[in-house]
There are 2 protein chains.
Amino acid sequence: MSEDGGAPTLRDVARRANVSLATADRVVNRRAGVRPVTIDRVEAAVRELGFERHAGAAALARRTGFRVAAILPRLANPFVARLAEELGEACRIEGQRRLALTLHEMEGFAPEPLARAVRHAAEAADGIVAMGLDDAEVGAAIDAAALRGVPVVTLVSDVPGSARHRYVGIDNRAAGRVAASLVGRFAARPDGRVLVVLGSRNLRDHRDRLEGFEAALGESFSGMRICGVAEGRDDVASTREAVREALDRWGAPCAIYSAGAGTSGLADALADAAIRPVVIAHELTAETRPLLEADRLDALIVQDPGHEARSAVRILMAALTGTAVNDDQERIRIEIILKDNLPK
Amino acid sequence: MSEDGGAPTLRDVARRANVSLATADRVVNRRAGVRPVTIDRVEAAVRELGFERHAGAAALARRTGFRVAAILPRLANPFVARLAEELGEACRIEGQRRLALTLHEMEGFAPEPLARAVRHAAEAADGIVAMGLDDAEVGAAIDAAALRGVPVVTLVSDVPGSARHRYVGIDNRAAGRVAASLVGRFAARPDGRVLVVLGSRNLRDHRDRLEGFEAALGESFSGMRICGVAEGRDDVASTREAVREALDRWGAPCAIYSAGAGTSGLADALADAAIRPVVIAHELTAETRPLLEADRLDALIVQDPGHEARSAVRILMAALTGTAVNDDQERIRIEIILKDNLPK
DNA sequence: CTGTTAGCGCTTTCAA
DNA sequence: TTGAAAGCGCTAACAG
């Protein structure tokens, strides 16, 4: 204990180990240039006193801030727009005034440009947060950044197999399973046909949702069948058109799982066809909220963009300064929103 | 802007207003003893520079910490135990080493002792977080604390009408509505009878859940009827007994909404009677998790105790130091947990 | 390799 | 009513 009864400080550690503050700091922060014997002495003192670095004080003392680059698809999608906004806010709040954010909005969100953006950001930033794309070149760019000591956090959509520092987002396979449970129980037709609408099969997160959906439907509601999968390119107009075609081709389903964006296009196509199957969609935005309120949708499967942004920033900050994260706090929930628990 | 391009500091404000750092601090923190003219000058500078207090630095500089008292029912209930644990953790992390927590566990959680505990805590602590009870005497104790300048945050269960600084917890009426939607859609029997199990009708949160449940069932599933309400005193053994009696008296329902604790007692009573109606219960704990995993339960309506504890502590800290809170971050969600989105 | 010293942005004595 | 100065716990030069 430090003499005054409070938590032990680095000064206490230094005194106990008979070294200067600077040396204690070197050891605690694993900086080079300390004799092994000294390291041992300091580490012993740390252990004996139960010293824990005061992250706030450390952030304050550090003169030089960090540059973080955020790479996101075009902000037309309301969910992505919200994410961008929250990232800015989170840098201000969680970053202790030491994080400068640069936002890179990508026109076409494709592997090659994304990989380029990551490579570029790795030169200009100390940390990167990027919405991922499951692609080898993107993975390679991330690996290269990591090798340079630039941590990259993947957001919402992961790049599995890469050296990304961490993935912040939901388990999309599990989200698909939740959708299947909801469809199965809400539709109340043990033999119904269900339509799935995706942004694109090339998006890892959408594919994962589809897989989880198929698996859970097969296990728990084996009488129900997926009659078809439409791709709406995460865009309102395209989705409306894709759903119209799907209805023509496969007839009216008893339920629809919309795993991508462009949900209001889906709702409009249903209105056009004058049918109202059970509908489960994703994300709570200015686009989907009124649909749920008006009972044109049964449930929304949601991830909180504010939480995701804060989490990504906290994790990056921790990686950059070598502090610990509270995993429990960083777990992104798969939320189920009904009309009844719609937040105000 | 401060000359170096970073965010403006109090020093910048002081320079601009032609006063010392100390005076600028006095104005910004609304301390007494500054001439009105000076106040105006400083406030103008604050506005012009867009100054915002750096909370971390302020916490660091403050020598004297705060004492916070937490008042909770007996920790036998696993949800409450978790809450207590998380409160300790949150004080360490969010409290910037400046929050000393004292936990008061109450044997019988009744209005009179609770009011006494609040009155007592108001003498010994700078801030209070307490699980509330909707009672006039408790309200009066809270009002008295507030009058002394000791903010009290109500946790999980509110004391409406009192001067509590803030309520941290879910909207229980809405939670009851969610339960009704789930029961209505999962039971798939437009004419079924449903049993409600409560801890006690005297608990405000349970009563709110019941009200929300009744209202939503009436609106959306008007064929279904509540056949009875049992009280299990939030205890496993009592709940088992109460449910057994309820089944005897009212017969087997098609669904059960368990709004209180003691859920495994309910599950056991159902096993005893060899029936398996749709069951919706509350809170994810070591007690309820296995029930959901084993399909002895259909869904759990959950509030995250870790989030609630961190939120309560952040809000108390903000009140104590006069800083702002991010409302969005402090909103406690009504989570719906199915077997498929059960966190690891 | 190690220590000394000057801060980070703010609060808090103590004097004036 | 106001200001000067010390310091919270840590980092980052700069010497030695």
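The values are calculated or read from the model by the stated rules, or taken from the named source; none is laboratory data. Predicted model only: the values in this text are computed from it and were never measured. We place every Cβ from the backbone using ideal geometry, glycine too, and count neighbours over all the protein chains shown.
Yes or no: residue B:157 touching a Lys or Arg at 6+ places or on another chain (Cβ under 6 Å) and within 27 Å of residue B:126 (Cα to Cα)? Break it down into steps so the answer makes sense when it comes.
Values: touching a Lys or Arg at 6+ places or on another chain (Cβ under 6 Å): yes; within 27 Å of residue B:126 (Cα to Cα): yes.
When the stated conditions are applied, residue B:157 passes them.
In the range A:216-241, the residues that are without any contact (Cβ under 8 Å) to a residue 12 or more places away in the chain and away from chain B (no Cβ under 14 Å) form no Cβ pair under 7 Å with any partner that is surrounded by 20 or more Cβ atoms within 10 Å (Cβ to Cβ) and in a loop (DSSP other than H, G, I, E, B), whether six or more places apart or across chains.
Answer yes or no as to whether residue A:7 is within 25 Å of residue A:325 (Cα to Cα), within 11 Å of DNA strand D (Cβ to nearest atom) and surrounded by 12 or more Cβ atoms within 10 Å (Cβ to Cβ). Quick ask: steps written out before the conclusion?
Numbers: within 25 Å of residue A:325 (Cα to Cα): yes; within 11 Å of DNA strand D (Cβ to nearest atom): yes; surrounded by 12 or more Cβ atoms within 10 Å (Cβ to Cβ): yes.
Against the criterion (within 25 Å of residue A:325 (Cα to Cα), within 11 Å of DNA strand D (Cβ to nearest atom) and surrounded by 12 or more Cβ atoms within 10 Å (Cβ to Cβ)), residue A:7 qualifies.
Listed here are the helices (runs of 4 or more DSSP H) enclosed by the range B:1-119 that have at least 3 residues being closer than 30 Å to residue B:288 by Cβ: B:78-94. Note on the range B:101-137: residues that are in contact (Cβ under 8 Å) with a residue 40 or more places away in the chain and buried (at least 16 other Cβ atoms within 10 Å of the Cβ) total 14. The strands (runs of 3 or more DSSP E) falling completely within the range B:273-344 that include 2 or more residues that are away from every other protein chain (no Cβ under 13 Å) and among the aliphatic types (A, V, I, L, M) map to B:278-282.
On the basis of being of a type outside the set (Gly, Ala, Ser), exposed (fewer than 15 other Cβ atoms within 10 Å of the Cβ) and either more than 8 Å from DNA strand C (Cβ to nearest atom) or not assigned by TED's automatic domain parsing to the domain that holds residue B:320 (or both), does residue B:30 make the cut? Judged against the criteria, residue B:30 is a match.
Looking at this structure, is residue A:281 free of Cβ contacts under 8 Å to residues at least 12 places away in the same chain and crowded, with 17+ Cβ neighbours inside 10 Å?
Taking the combined requirement at face value, the residue does not satisfy it.
Scanning the range B:165-180 for residues that are surrounded by fewer than 24 Cβ atoms within 10 Å (Cβ to Cβ) and either more than 11 Å from every other protein chain (Cβ to nearest Cβ) or modelled with pLDDT under 95 (or both) turns up B:165, B:166, B:167, B:169.
Please find, among A:53, A:74, the residue that is away from DNA strand D (no atom under 16 Å from the Cβ) and of a type in the set (D, E, K, R). Talk me through it step by step, then tell me what you get.
Numbers: A:53 fails: away from DNA strand D (no atom under 16 Å from the Cβ).
Of the residues listed, the single one that is away from DNA strand D (no atom under 16 Å from the Cβ) and of a type in the set (D, E, K, R) is A:74.
Please find, among A:31, A:53, the residue that is without any contact (Cβ under 8 Å) to a residue 40 or more places away in the chain and on the phi < 0 side of the Ramachandran plot.
Numbers: A:53 fails: without any contact (Cβ under 8 Å) to a residue 40 or more places away in the chain.
Within the list A:31, A:53, the selection yields A:31.
Condition check: of a type outside the set (Lys, Arg), at pLDDT 95 or above, in contact with a Cys (Cβ under 7 Å, 6 or more places away or on another chain) and surrounded by 22 or more Cβ atoms within 10 Å (Cβ to Cβ). Does residue A:217 satisfy that? Write out each step before concluding.
Details: of a type outside the set (Lys, Arg): yes; at pLDDT 95 or above: yes; in contact with a Cys (Cβ under 7 Å, 6 or more places away or on another chain): no; surrounded by 22 or more Cβ atoms within 10 Å (Cβ to Cβ): yes.
Considered against the rule, which asks whether it is of a type outside the set (Lys, Arg), at pLDDT 95 or above, in contact with a Cys (Cβ under 7 Å, 6 or more places away or on another chain) and surrounded by 22 or more Cβ atoms within 10 Å (Cβ to Cβ), residue A:217 comes out as no.
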